[in-house]
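What follows is a set of notes on a single structure, which appears directly below.
Readers should treat all values here as calculations from the given coordinates under stated rules, not as data from a laboratory. Keep in mind that what you see is a predicted model, and the values were worked out from it rather than measured. Don't worry about glycine lacking a Cβ; one is built from the backbone with ideal geometry, like all the others, and counts go over all protein chains shown.
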Amino acid sequence: MANVYFNEFDRYVKHDLKIKHYLRYGDDFIFVAADFNELKRQKKLAVEFLSKNLMLQINTKNDIIVKAKQGIHFLGTEIYPNGRRLSKRNWHRALSRLSIGNYSSYWGLIQKNSDLSKRRILNWKILTLIQTHSDNKSNQAH
């Protein structure tokens, strides 16, 4: 539903504001620009458009401009110019919710957003989970 509702905003950002680096997922979005003053101008126009045309207000907690080198938290990841990583909260959440029914989803998440050490930890936990599940099934058969 968000894609349908925000289609007008996407078109405005692309065609009127001509923002080259724009990322949106649901109602979360990011603009990336080299010129700080231009970014402030684009932000002001985007906020006005959302208010006037879509009757939406920006959450003041997330209404920020940061330098790329500081990184930005977006959709549970920390994004930096040279890569990204899963936030600590989502890393711990993935480990605590890991089960035989969802390990492939968490495996994909960790593969895309974590370093080699975290991928190894998750692979070990998945292997242990599968082995435990297999042992339980064989014990039930006896």
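Per-structure values
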quantity	calculated
With Cα atoms, 0 to 90° folded angle of helix 116-141 axis to the chain main axis	40 degrees
Residue list for region 117-142, given a label point 7 angstrom along the Cα-to-Cβ vector of Ser104 and an amide N cut-off under 16 Å	126-127, 130
Spin-label model distance (nm) - Asn3 vs Phe36, 7 Å beyond Cα toward Cβ	3.7 nm
Cβ-defined net charge surrounding Ser105, 12 Å radius [Lys, Arg +1; Asp, Glu -1]	+2
Neighbour cut-off at most 15 other Cβ (10 Å), DSSP loop, trypsin sites (Lys or Arg not before Pro), region 1-45	Lys18, Lys20
Full-stretch length increase - Arg11, Asn59 - with 0.36 nm per residue and alpha-carbon distance subtracted	15.1 nm
Label corresponding to Cα extents along the principal axes in Å when calculated from the structure given, among (i) 69, 33, 25; (ii) 61, 28, 25; (iii) 41, 37, 29	(i)
Cα-Cα over 27 Å, subset of Lys18/Lys69; Lys40/Lys112; Lys14/Lys67; Lys20/Lys61; Lys20/Lys67; Lys20/Lys52	Lys40/Lys112
Phe74 long-range amide H proximity, modeled H, under 5 Å	Ile79
Computed [θ] at 222 nm, helices only, for the chain once each DSSP H run of length n ≥ 4 contributes -39500 (n - 2.57)	-17500 deg cm²/dmol
For region 23-142: relative contact order, % (alpha-carbon pairs under 8 angstrom, 6 or more apart)	12 percent
Relative exposure of Phe29, Phe36, judged by other C-beta atoms within 10 Å (fewest first)	Phe36, Phe29
